[in-house]
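The values are calculated or read from the model by the stated rules, or taken from the named source; none is laboratory data. Model, not experiment: these values are computed from the prediction. All Cβ positions, even for glycine, are placed from backbone atoms using ideal geometry, and neighbour counts span all protein chains on display. SASA here: full protein model, heavy atoms, side chains in, ligands and nucleic acids out. Shrake-Rupley method; radii C 1.70, N 1.55, O 1.52, S 1.80 Å.
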Amino acid sequence: MPKLQGFEFWSCTLGGARHVVAPMVDQSELAWRLLSRRHGAQLCYTPMLHAQVFIRDANYRKENLYCDVCPEDRPLIVQFCANDPEVFVQAALLAQDYCDAIDLNLGCPQMIAKRGHYGAFLQEEWDLLQRMILLAHEKLSVPVTCKIRVFPEIDKTVRYAQMLEKAGCQLLTVHGRTKEQKGPLSGTASWEHIKAVRKAVAIPVFANGNIQCLRDVERCIQDTGVQGVMSAEGNLHNPALFEGRSPAVWELAEEYLDIVRQHPCPLSYVRAHLFKLWHHTLQVHQQLREELAKVKTLEGIAAVSQELKLRCQEDISRQKEGEKPSGGLPFFHWICQPYFRPGPRDGSRESGGARSKRALEEEEGSTDVLSKNKQKKKLRNPHKTFDPSLKPKYAKCDQCGNPKGNRCVFNLCRGCCKKRAFKETADCPGHGLLFKTKLEKSLAWKGAQPRLQEPQQARPGEPGGFPEVMGSALA
């Protein structure tokens, strides 16, 4: 059967999917995908998988895809991150029999993607991306798709999308934010960029960004003309988003836990999902936040969720007629609803531009408010302090600036010390490097060995020599 392409692929293989659950690391696992499908999702992506690890690690393949085969979990697109054409295609070949398409992640903006040189940090390397998509399009039996972020300039974003289409991309998901828009600096996604891309390409386009409820989905399709809408954060806080419902949190939490019992996944995934679902309630009943963070079993998590349900029912029984939700929420805290990420503080406008995430965290650290990551560290170690003035001061390496060894004879860090000691054949007892000592021992050992006598060459006719040649034989 020939491989379907473009709109034929979208309408036949994907069933004309309009409601899409995004690829989310450690969050779009099988159990969550099945829950989302039950509540209106028509297409799901796997979490982002590392192509190199997928090739070399059989357990990674088994845990993330092969064991997750489920007839209900289709259509399904497997997403990989990669920066090498051969590696990307090799991983895709191992996955293509378990999905309906292979997606290349060109949208991850996180620091780990920058260090690994993948995701949105490949968006300037058009020649490499062309080769990756072209090779995948030629070798795979399923279509190749891409998920991208936009450039600040609409025209460059359009040219980027057209380049991917020309290389062989059969469906494009456009996240309307730049790679710099993340965390507290997320801001609003640009549907204008998405609309321009949709008009410029002849393949299906999915929009991603600013989707918190079904009205947003409908408005996005109408404003941009895209074929479908992808949701990530909105889906995590309300898996019934695509149904247009906002049910009680415990309804979806209990359903999800039942699915996890049938299709187990790491406890960290389950805990993260419960933190998202119960987010607003945990702001009210904060003592149960610690319980949820500490519990070590699935049944323990279920027990905390049940306790949260009972607390909510008590809050409902005490509710007064005409009472409105507190904290500026559209619904009471026990109802599934969007979470609006707080933006940078107003002070950033005075500084003349956006500040880095690290600057914002340092600002938070200077007050009584700590980031979630620091709260977790504080929970594990109550004596931990985040005051920069109390941090220990380290002497720096003379060459690279890393902390130097306290007993290093060269006043260097271990890495720089090793290079210098090797080059100069010197010792550094502080770092346990003994190049000079080992060389001296080696020379002394060689000098102590007895010299081997060279064997004398035997004459012809003698034992070990060549046999005599008879004169008659030469006649």
Contour minus end-to-end for PHE340 and ASP84, with contour as 0.36 nm per residue of separation and end-to-end as the Cα-Cα distance?
-> 88.5 nm
Identify, among ILE55, CYS265, VAL284, the residue whose Cα sits farthest towards the positive end of the charge dipole of the chain, taking +1 on the Cβ of Lys and Arg and -1 on the Cβ of Asp and Glu, with the dipole about the Cα centre.
-> VAL284
Could you name the lysines in cross-link range of LYS195, using Cα to Cα under 24 Å and dropping any fewer than eight places away on the same chain?
-> LYS147, LYS156, LYS166, LYS179, LYS182
Among 221-234, 259-272, the order from most to least packed when residues are scored by Cβ within 10 Å on average = 221-234, 259-272
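Please arrange LYS320, LYS423 by accessible surface area, largest first, computed with a 1.4 Å probe and ligands excluded.
On the way: LYS320 150, LYS423 175 Å².
I get LYS423, LYS320, largest accessible area first.
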If you project the alpha carbons of the chain onto their three principal axes, what span does each projection cover, largest first, in Å?
-> 124, 66, 50
Any chance you could give the angle, 0 to 90 degrees and rounded to 10, that helix 414-424 forms with the longest Cα principal axis of the chain?
-> 20 degrees
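Could you give the size of the charge dipole of the chain about its Cα centre, using +1 on the Cβ of each K and R and -1 on the Cβ of each D and E, expressed in debye and rounded to the nearest 20? Could you put the intermediate results ahead of the total?
Working: 67 positive and 54 negative charges, 378 e Å.
Charge dipole, the chain, about its Cα centre: 1820 debye, nearest 20.
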Name the residue farthest towards the positive end of the dipole of region 246-338 from the options ALA293, LEU329, SER317, assuming +1 on Cβ of Lys and Arg, -1 on Cβ of Asp and Glu, about the Cα centre.
-> ALA293
Rg followed by Dmax, in Å, when region 52-112 is reduced to its Cα trace | 11.9, 36
Where the centroid of each part is defined by its Cα atoms, how far is region 402-450 from region 307-336 in Å?
-> 68 Å
So how much slack lies between ASP57 and GLU307, counting 0.36 nm per residue of separation and subtracting their Cα-Cα distance, in nm?
-> 86.0 nm
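Highest mean first, how do 238-248, 377-387 rank when packing is the count of other Cβ atoms within 10 Å averaged over residues? It would help to have the intermediate numbers written out before the result.
Values: 238-248: 20.4, 377-387: 10.3.
Top of the packing list down: 238-248, 377-387.
What size of dipole, in debye to the nearest 20, comes out for region 4-244 about its Cα centre when the only charges are +1 on Lys and Arg C-beta atoms and -1 on Asp and Glu C-beta atoms? Walk me through the numbers before you get to the answer.
On the way: 25 positive and 27 negative charges, 65 e Å.
So the magnitude is around 300 debye.
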Along the charge dipole of the chain, Cβ charges K/R +1 and D/E -1, which of SER442, TRP10, LEU241 sits furthest on the positive end?
-> SER442
Only Cα pairs under 8 Å and at least 6 apart count here; give the relative contact order of the chain as a rounded whole percent.
-> 10 percent
Cα centroid separation, region 268-287 to region 229-253 (Å) = 14 Å
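Taking every pair of alpha-carbon atoms in region 246-338, give the share separated by more than 21 Å as a whole percent.
On the way: 1254 of 4278 pairs.
Summing the P(r) tail past 21 Å for region 246-338 gives 29 percent.
With N set to the number of residues, divide the alpha-carbon radius of gyration of region 78-142 by 2.2 N^0.38 Å and report two decimals. Write out the running numbers ahead of the final one.
Numbers: Rg = 11.5 Å, N = 65, 2.2 N^0.38 = 10.7 Å.
Here the answer is 1.07, to two decimals.
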Could you state the principal axis extents of the C-alpha atoms in region 4-244, from the largest down, to the nearest angstrom?
-> 42, 40, 38
Helical contribution to [θ] at 222 nm, DSSP H n ≥ 4, -39,500 (n - 2.57), averaged over the chain, rounded to 500 | -12500 deg cm²/dmol
Rounded tilt (10° steps) of 267-277 against the dominant C-alpha axis of the chain | 30 degrees
In nm, give the distance between the simple-model label positions of LYS384 and ILE221, each being 7 Å from the Cα along the Cα-to-Cβ direction.
-> 4.5 nm
